[in-house]
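Structure first, then comments.
The values are calculated or read from the model by the stated rules, or taken from the named source; none is laboratory data. Computed from a predicted model, the values in this text were never measured in an experiment. Using ideal geometry, Cβ is built from the backbone for each residue, glycine included, and neighbour counts are taken over all protein chains shown. All accessible areas refer to the heavy atoms of the entire protein, side chains included, with ligands and DNA or RNA removed. Shrake-Rupley method; radii C 1.70, N 1.55, O 1.52, S 1.80 Å.
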Amino acid sequence: MNFSEQLQARVDAVDSLLCVGLDPHVGELPEPTAAAAVAFCKRLVEATLPYAAAYKPNMAFFERFGAAGHEALVEVLAMVPPDVPVVLDAKRGDIGSTSEAYAEACLGSAGLGCSSVTVNPYMGTDSLEPFLKDPSKGCWLLCKTSNPGSNDLQALPLAEPAGCSCTANTQSPRCLALSRLVSPGFGWPAPLNPLSSSLLFLLSPLRIMPHLLPPSWHPPQGGGAVYERVASLASSKWNGNGNVGLVVGATDTKAMARVRAQAPGLWVLAPGVGFQGGDLAAACDAGLFVNAAGKATGVLFPVSRGISKSADPAAAALGLRDQINAARAAKHASQAQAGQAKRQKGDPDAVAPYQAKFIEFAMSRQVLRFDGPFTLKSGRKSPYFFNAGLFSTGAAVAGLARFYAEAVSAAPALDFEVIFGPAYKGIPLATALGMALASPDFGSKDYGVAYNRKEAKDHGEGGTLVGASLAGKKVLLVDDVISAGTAIREAVALVKAQGGVVAGVVIALDRQERGPDASAPRESAVMSVEREFGCPVRSIAGLSNLTAYFAGAVSSTAAPGTGEAIAAYRKEYGVC
């Protein structure tokens, strides 16, 4: 299991999102010694173990005692059972061999061997790589911290969208030069030579009259904040091993919501509840998401003094766990009720439970991303991107197949005898779907499975068709998406040539948007296929489901801006 899975397993085992802080402040010790620090932590671990999802020792409170403090920390870590995650609060960060040494010291078997560590990401990707390489070890990245001064740097606005990949060395002229040229508050760059001085002189009217610039030259607006860029990079670039989390203070729930929009499936470590005054219910509302198992999760709440200063640490921990669980339950219940009400009204934007789980599943695998905008082949700027090719492990394909099976089985169930997967992407999809439908969970129905070759085979059995015969059979086509519909039209022709009848098509995601030709009928590629061949096309989820999902009807992963961007895109290009 990767670190995120390990953490979720512990959360499920104790039904808790409470992380107990092990911070032996000298003022709370009977004497300022390492031995007293060990006794302090031992009392907390023994009292809170049944209620703790994780423990978070802060290295500073041990390091102040020198070598004896290091030995004390080792002794404290040994008290924590191996199945309980430890968040080493070290806030490390450097480059090259120094970063390698930090990672080994905190996570390695030759060092402290902790299961996770807090890291400062502001030196970039290369500084993080040593901490990310082992999937079983977690890396909590400082994102939007709980201290008041965090706004000095972390909340600074960006000119580009949070998902933009530009850097100081790779920015386009529009992102780099023009942001200085026409944006208020930016000074002129220092002239490098007479030519640049002349150029700036010629362009100076544009600085005070930016409306003279072509629309495509205007610097992007609403680029979000630095911490949102960190969250976006963490979700889209750094979480390849499923072991990245973000540190976001519970003291700023608006920032929490914005982080969640950029990183829908990442764990968040949310300090600030208790002595710092964070609002637990609001933090749960902003940060929790509903995972594929239907559980409200995704935020770990570290509490230190709120437990250590109590005369009964066990009772304090139990009380905090129950408060968190009450907030989890309330949020989950309100979402479920909203979704059920919409479905009962026949709302096309309703999200069935399996669709909500599929969206979460796709986000957790980075298949479905919202850190754009993304430029499509049509030239449109989409706020989301779906890449089914990233369902690239056995577990991912097996999970995907179950969602296909749910879609096929949803009322009214599709009537078919053979599953056909067009080469090449459809081949594993058809095979996996056949296996899922043959399981007891879906009635142990043993359908035929077939697919085609791109090139005809001139030896052996020959031909282009492999697997079950299509002659006289009702055939279900399976693919990931329908873009222009070319692959599906070719598959329909092949099925008919083999004597089969196309009974339906099932895909993973329906973009539900009209084609680029404004003069053509206002219909999507899926609608075109249905009209042309007279067969139903079923999707696991579509744009309408995404709109509802991020509007907060089912999940708490939405944040101001995300739902609005999807809704605006749907309004401009959607067909439903």
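Miscellaneous remarks
- The H on the amide N of V506, modeled in the peptide plane, is under 5 Å from the matching H of L477, V478, D479, R538, each at least 5 residues off or on a different chain.
- Placed amide H near G21: partners under 5 Å, 5+ positions off or other chain: K56, V303, S304
- 5 angstrom amide H check on G272, placed H, neighbours 5+ away: A250
- Heavy-atom accessible area with a 1.4 Å probe sorts K133, K42, K571, K331, largest first, into K571, K133, K42, K331.
- Rounded to the nearest 10 Å², the accessible area of K496 at probe 1.4 Å: 130
- HN-Hα J in Hz across segment 404-413 - Karplus 6.51, -1.76, 1.60, θ = phi - 60°, x for Gly and Pro: 4, 4, 4, 5, 5, 8, 4, 5, x, 5
- Segment 424-494 shape via C-alpha gyration tensor axes, a/c threshold 1.5: oblate
- Kirkwood Rh (inverse of mean 1/r, distinct Cα pairs), segment 37-169, angstrom: 16.5
- Summed residue charge, Cβ within 11 Å of L288's Cβ, Lys/Arg positive, Asp/Glu negative: +3
- Rel. contact order, % - alpha carbon contacts under 8 angstrom, at least six apart, segment 87-151: 33
- Prolate/oblate/rounded call for segment 1-93, Cα gyration tensor, a/c under 1.5 rounded: prolate
- Cα gyration tensor category, rounded, prolate or oblate, for segment 59-128 with a/c compared to 1.5: prolate
- Phi-based couplings in Hz for segment 15-25 (Karplus 6.51, -1.76, 1.60; Gly and Pro marked x): 6, 8, 10, 7, 10, 8, x, 10, 10, x, 4
- Cα point-scatterer Debye curve for segment 225-291, base-10 log of I(q)/I(0) at q = 0.12, 0.18, 0.23 Å⁻¹: -0.28, -0.60, -0.93
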